[in-house]
């Protein structure tokens, strides 16, 4: 009686494994040939995609794979919020959970380092020969929890909203009312510039803002300094020992004066408002 195909395949596989065990597989030419073929396939795909992109698009006119280039970036924009690439969204959102400066070290160094050490040490502390998933409950639970955690953090990072300058400008009337400079042109103009210039990416003001890099709350900053001091400070923060904050001299004297007036008027919420 003829043997079935499955039995023949098992015999062939057993003979193949026995030959490999006895004679091995030569690196040259076998492995070199496989690597060369795969490399040529990858390079061919890249060349094909590049050709399609080049001939299918025309300048800013997009093709299947997008345009050659987009419109020039606006260096003066106040609404652009830099974000990381999608594969860093989980770290991006993990960092948002912790507040500067007390616990941010945990998110930036602590948790990633611990996870990396555990991953590097995996071959040393997991020496069991068992590889069936159902027989490895601890490893499977840890893997599932890791995947779920990264998936949730990635999704939260991708959908996290930032307060844009145009949105913060809507808070200016509230700021003016609470700080008592409603109807005053110069402080109101400065408050609008403050909202548009990205100051709240680092600072906080009346409950709004990021509070990153140890930047202080400016809600009551005007209680201790005058407008002229703020103009000098904004022009060259490094002269006052602040090497983190950049200069705002590019805003011009009129805008700096308005910002100074706004910061001087920021003495904290006025009683009765």
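The values are calculated or read from the model by the stated rules, or taken from the named source; none is laboratory data. Not measured: the values here are computed from a predicted model. All Cβ positions, even for glycine, are placed from backbone atoms using ideal geometry, and neighbour counts span all protein chains on display.
A compact table of results
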read-out: Some residue of region 77-86 being out of contact with any helix residue (DSSP H, G or I) (no Cβ under 8 Å at 6 or more places or on another chain), under 28 Å from residue 195 (Cα atoms) and modelled with pLDDT of 80 or more; value: yes
read-out: Qualifying residue in region 226-237 (condition: on the phi < 0 side of the Ramachandran plot and either touching a strand residue (DSSP E or B) at 6+ places or on another chain (Cβ under 7 Å) or modelled with pLDDT under 90 (or both)); value: no
read-out: Check on residue 195, at pLDDT 90 or above and touching a helix residue (DSSP H, G or I) at 6+ places or on another chain (Cβ under 7 Å); value: no
read-out: Residue count, region 99-147 (criterion: surrounded by 10 or more Cβ atoms within 10 Å (Cβ to Cβ) and either in contact with a strand residue (DSSP E or B) (Cβ under 9 Å, 6 or more places away or on another chain) or under 30 Å from residue 209 (Cα atoms) (or both)); value: 14
read-out: Members of region 255-271 that are without any contact (Cβ under 8 Å) to a residue 60 or more places away in the chain and in contact with a helix residue (DSSP H, G or I) (Cβ under 9 Å, 6 or more places away or on another chain); value: 256
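Residue-by-condition table, conditions (1) outside the structural domain of residue 195 (by TED's automatic domain parsing); (2) more than 32 Å from the chain's Cα centre (by Cα); (3) modelled with pLDDT under 85; (4) closer than 30 Å to residue 201 by Cα:
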| site | (1), (2), (3), (4) |
| --- | --- |
| 16 | yes, yes, yes, no |
| 25 | yes, yes, yes, no |
| 28 | yes, yes, yes, no |
| 36 | yes, yes, no, no |
| 42 | yes, no, no, no |
| 46 | yes, no, no, no |
| 50 | yes, no, no, no |
| 63 | yes, no, yes, no |
